[in-house]
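Bear in mind that the values in this text are calculations on the coordinates, not laboratory data. Since the structure is predicted, the reported quantities are computational estimates derived from the model, not experimental observations. Using ideal geometry, Cβ is built from the backbone for each residue, glycine included, and neighbour counts are taken over all protein chains shown.
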Amino acid sequence: MPELPEVEIVRRGLNDVVAPDRAIVSAEVLLPRTIAHPATAESFVAGIVGCRIKHWQRRGKYLLAECLAADGKLAGWWGVHLRMTGQMLWVESATPVAKHVRVRVLLSDGKELRFVDQRTFGKMWWIDASEEPQEIISGLGKMGLEPLEDGFTAKYLYHQLQKTQRPIKTALLDPAVVAGLGNIYADEVLFQSRIHPKTPARELTADRVDALAAAIVDVLQRAIAAGGTTFSSYTNVHGINGNYIGQAWVYGRGDLPCRVCDRPISKIRLGGRGTHYCDRCQGD
Ligand SMILES: [Zn+2]
């Protein structure tokens, strides 16, 4: 599943192809249940056609395009969540339409944004300028701070973790604590900060949380620099995979030797999620 770094890479790719003179000339919804709002695919298409995309933002794992009307005023927001297997691809509109294409958004210069989604959990929203994105997309309203923005500090994280007895791994996956971190990177940051994933969040000292907050920023930045993680269906807007997983400390490395101490990496289930750690490097 794409996590914060992968969604951030998609966002950057989308912004690279934003151009003020590129209008959306038509759109086609091939799988109506992809559209979460408004109620029908037809009203999604009616909202988005004629707009120009000004800028793509990311909040957690949600992508939000600010869309302008012909007069330059805000027309609304185009929201996208990739969920399990969604891809936003930038293609020539003459490119043959593959099996798993769910939504096509055609631009005025023969280009197209194509939403491909094999597992069909991905969602899209058209949010009119008269509405508020956080009222339409419920996940946006209860989200914690963005780990790569200035307000995200060790003090903030410590305050959030003091509120919960859940294991730290589980707490890190809660978007109300950290927006969009995800399972792969939660395992990675716990290894890098030498914290056992089962440690009750509230028991971490301020010093440990300092190390954890620094690891969150470091791991996410390195993952973005590596182009994200290669797994099933994640690609950037040009269909290219990332290669972070080749340098992962623990994720996906169950039974392989720890890169630091050679002990085999443990794999357990915690809060329903596969969890990888080294019980020597991350011992209590
Ligand atoms: Zn180790």
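Brief remarks on what is shown
- Per-residue ellipticity at 222 nm computed for the chain from its helices equals -7000 deg cm²/dmol, with DSSP H segments shorter than 4 residues left out and the rest contributing -39,500 (n - 2.57).
- Note on the chain: with a GNM built from Cα contacts shorter than 10 Å, the maximum mean-square fluctuation among 72, 50, 180 falls on 72.
- Within region 40-189: Cβ-based charge dipole about Cα centre, in debye rounded to nearest 20 (Lys, Arg +1; Asp, Glu -1): 440
- Based on Cα contacts under 8 Å between residues 6+ apart, region 159-284 shows a relative contact order of 25 percent.
- If R0 equals 25 Å, the separation of the Cβ atoms of residue 21 and residue 92 corresponds to a calculated FRET efficiency of about 0.90.
- FRET E, pair residue 134, residue 198, Förster distance 35 Å, beta-carbon r, rounded to 0.05: 0.55
- Folded to 0 to 90 degrees: helix 206-225 orientation relative to the chain principal axis, Cα: 40
- Only Cα pairs under 8 Å and 6+ residues apart enter the sum, and on that basis the relative contact order of the chain stands at 18 percent.
- Distance from region 216-264 to region 126-204 (C-alpha centre basis), Å: 20
- Counted by Cβ distance under 11 Å from residue 4, the other residues give a net charge of 0, where Lys and Arg count +1 and Asp and Glu count -1.
- Both radii come from the Cα set of region 1-160: Rg as radius of gyration, Rh as Kirkwood radius; their ratio Rg/Rh reads 0.97.
- When each of 99/142; 54/163; 163/267 is checked by Cα-Cα distance, pairs over 31 Å: 99/142; 54/163
- Counted by Cβ distance under 14 Å from residue 268, the other residues give a net charge of +3, where Lys and Arg count +1 and Asp and Glu count -1.
- Using the alpha-carbon positions of the chain, Rg (one decimal) and Dmax (whole number) come out as 20.1, 63 Å.
- Expressed in Å, the radius of gyration and Dmax of the Cα atoms of region 212-271 are 13.4, 39.
- Over region 146-237: Kirkwood hydrodynamic radius from C-alpha pairwise inverse distances, Å: 13.4
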